[in-house]
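Notes to accompany the following structure.
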Amino acid sequence: MAIAVTQPHAPARRARRNSPMYRAWQRYRKNGFAVAGLVWVIIFFIIGIIGPWIAPYSYTYADFLHMHSGPSWQHWFGTDTVGYDVFSQILYSIRYALEIALGATCVSFLIGVILGLWAGLAGGLIDIIVMRAVDFMFALPSFFFALILMVMLGKGIFPMILAIGVPGWAGYARLIRSLVLAMRNGEMVEAARALGASQWHIARKYMFPNVVGSMVVSLAFGIPYDLTAQAGLSIVGMGLNPPMPSFGNMLAQAGANILGFPWLLYFPAGVFAITLLSFLFVADGLQEAFNPKGGV
């Protein structure tokens, strides 16, 4: 009599393979550009964490004997007009770029999620007020709004986080509201209301988990925008105060010296461009991965 032998971990593996996150990862990994972008983004984050410890020089150290020096073994990416090591400046710029972009994205996301959930669940006058505020934010150029806030708050990392983050909530609010409206009259939500559940409980238990995928994609698109915004603020002179390095400060200096010292533009612009493309590839891959119509 034959006895069927089953592997004890087979049900667990089948459950894992049928999970939404596993299936999303299978769709994501089929996009070669998204995988390559994810690798660069991970490297970018690691450098942002350990950059100041692996930088050959401090961002405040100026080598006056090698000003305007091209790439060499002593200065891999050359030096700028003051004698600062460009490679070290890039490593420090990555740290500050991550701090500001992630902080600004979190500020925009939190404001947008709270107002979007509130408008979608409450409806009525509250929904009208929130959506008119969203329309106003879209009508006003966010970069212009950020400039006004920087003038009011002054220069620095925290003012830049607020200046970039506060104007960026409208897109998140509109997205969350539309997702909530699509689920507000669903069976789960109606049953929860019939049992006397509060609006906060419904939002936390039923609404929020069902919009995570869309919010992750939105966040992935928001980070490169915030990176571009902080570089733009620095280029117009409203970013970090020198000698604190930033990609915007480096690009602004490179623009005035492009003919004589092209390495001042090539290296920081190249790193910045690859980073933006990588975040966009990751966002595009996430959008395909969380698309319910995707394969797998």
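The values are calculated or read from the model by the stated rules, or taken from the named source; none is laboratory data. All values reported here derive from a predicted model rather than from experimental measurement. SASA here: full protein model, heavy atoms, side chains in, ligands and nucleic acids out. Shrake-Rupley method; radii C 1.70, N 1.55, O 1.52, S 1.80 Å.
What translational D, rounded to a whole number of µm²/s, comes out for the range 54-136 from Stokes-Einstein when the hydrodynamic radius is the Kirkwood one over Cα pairs, at 20 °C and 1.002 mPa s?
Roughly 132 µm²/s, to the nearest whole number.
Considering the chain as a Gaussian network with a 10 Å cut-off on Cα pairs, which listed residue, V189, V134, V113, attains the greatest mean-square fluctuation?
The residue that fluctuates most here is V189.
Taking amide H atoms as placed 1.01 Å from N in the peptide plane, list the residues 5 or more away in sequence, or in a different chain, whose amide H sits under 5 Å from that of Y84.
D63
Run the helix sum for the chain: -39,500 (n - 2.57) per DSSP H stretch of 4+ residues, divided by residue count, reported at 222 nm to the nearest 500 deg cm²/dmol.
It comes out at -22500 deg cm²/dmol, rounded to the nearest 500.
Please turn the phi angles of the range 30-37 into ³J(HN,Hα) values with the Karplus equation 6.51 cos²θ - 1.76 cosθ + 1.60 (θ = phi - 60°), one per residue in order, whole Hz, x for glycine and proline.
For the range 30-37, the Karplus curve yields 6, 8, x, 5, 5, 5, 4, x Hz.
Among P159, P52, P141, determine the one that fluctuates most according to a GNM of the chain built with springs between C-alpha atoms less than 10 Å apart.
Of P159, P52, P141, the most mobile in the Gaussian network model is P141.
For the range 154-296, what size does the Cα cloud have along each of its three principal axes, sorted from largest down, in whole Å?
That works out to 72, 42, 17 Å along the principal axes.
Heavy atoms of the protein only, probe of 1.4 Å, neighbouring chains included. What is the accessible area of D80 in Å², nearest 10?
Solvent-accessible area, nearest 10 Å²: 10 Å².
For the chain, which whole-number percentage of the solvent-accessible area (1.4 Å probe, protein heavy atoms only) is attributable to carbon and sulfur atoms?
Answer for the chain: carbon and sulfur cover 70 percent of the accessible area.
Per residue, how much accessible area does the range 30-84 show when a 1.4 Å probe rolls over the protein heavy atoms, in square angstrom?
I get 61 Å² per residue for the range 30-84.
So how much accessible area does K155 have, in Å² to the nearest 10, using a 1.4 Å probe?
Approximately 90 Å² of K155 is accessible to the 1.4 Å probe.
Please calculate how many Å² of accessible area the range 156-296 carries per residue, with a 1.4 Å probe and no DNA, RNA or ligand atoms counted.
Here the per-residue accessible area is 47 Å².
Given N residues in the range 151-231, what is its alpha carbon radius of gyration divided by 2.2 N^0.38 Å?
For the range 151-231, the normalised Cα radius of gyration is 1.46.
When each pair of different Cα atoms in the range 44-185 is counted once in the 1/r mean, what is the Kirkwood radius in angstroms, to one decimal?
17.8
So what's the projected area for the range 232-296, the Cα convex hull averaged over all directions, in nm²?
6.3
Go through T81, T275, T60 and list them by solvent-accessible area, largest first, probe radius 1.4 Å.
Descending accessible area places them as T60, T81, T275.
Over its Cα atoms, what ratio of radius of gyration to 2.2 N^0.38 Å does the chain give?
Here the answer is 1.25, to two decimals.
With only alpha-carbon atoms in the gyration tensor, what are the semi-axes of the equivalent ellipsoid for the range 15-106, in Å, largest first?
39, 15, 10
For the chain, set up a GNM with springs between Cα atoms under 10 Å and report which of G239, G171, G123 has the largest fluctuation.
Between G239, G171, G123, it is G123 that shows the largest mean-square fluctuation.
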